[in-house]
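Reading through the structure tokens given below for one structure.
No value in this document is a laboratory result; all are computed from the given coordinates. Fair warning: this is a prediction, and the values are worked out from it, not measured in the lab. Glycine gets a Cβ as well: all are built from the backbone with ideal geometry, and neighbour counts include every protein chain shown.
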Amino acid sequence: MRKNRRCRENRNDNFMESISKTLDLPQDALSGYAHIELCGNREAIIEGCKGILEYSDYAVAINTGKLTVKFCGSDLTITALQDGSTEIKGTITCIDFGN
């Protein structure tokens with residue numbers, strides 16, 4: 001039974017890979033994981049945000065569905081929150097990925 005499960009997972013991975021190539025998208029865009037862009041240590045843009053779990057001037061934790069992403073630093077603010085996209089500005093000193 002394990003062999004069948006592994007086989008299905010491989011087929012699913014191959015299917016997602018072919019779709020991402022056909023649509024000219026990064027494969028992680030279809031994986032259900034968040035897409036995070038950093039501009040130095042002063043700004044982070046997170047696409048795939050499902051909700052804010054923690055928010056203070058020194059920590060922002062975001063639910064991305066499969067992971068919780070926590071940004072630590074100083075003077076952190078959420079400057080945009082719309083349509084599953086979040087923008088954080090401030091001095092980012094640490095990013096933690098948890099389940």
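In this structure, the amide hydrogen of LEU53, modeled 1.01 Å from its nitrogen in the peptide plane, lies closer than 5 angstrom to those of ALA61, ILE62, ASN63, counting only residues at least 5 positions away or on a different chain. So what's the net charge close to LYS70: Lys and Arg +1, Asp and Glu -1, counting the other residues with Cβ under 12 Å from its Cβ? Here the count lands on -2. Extension gain for ALA59-GLU43 works out to 4.4 nm (0.36 nm per residue, less the C-alpha to C-alpha distance).
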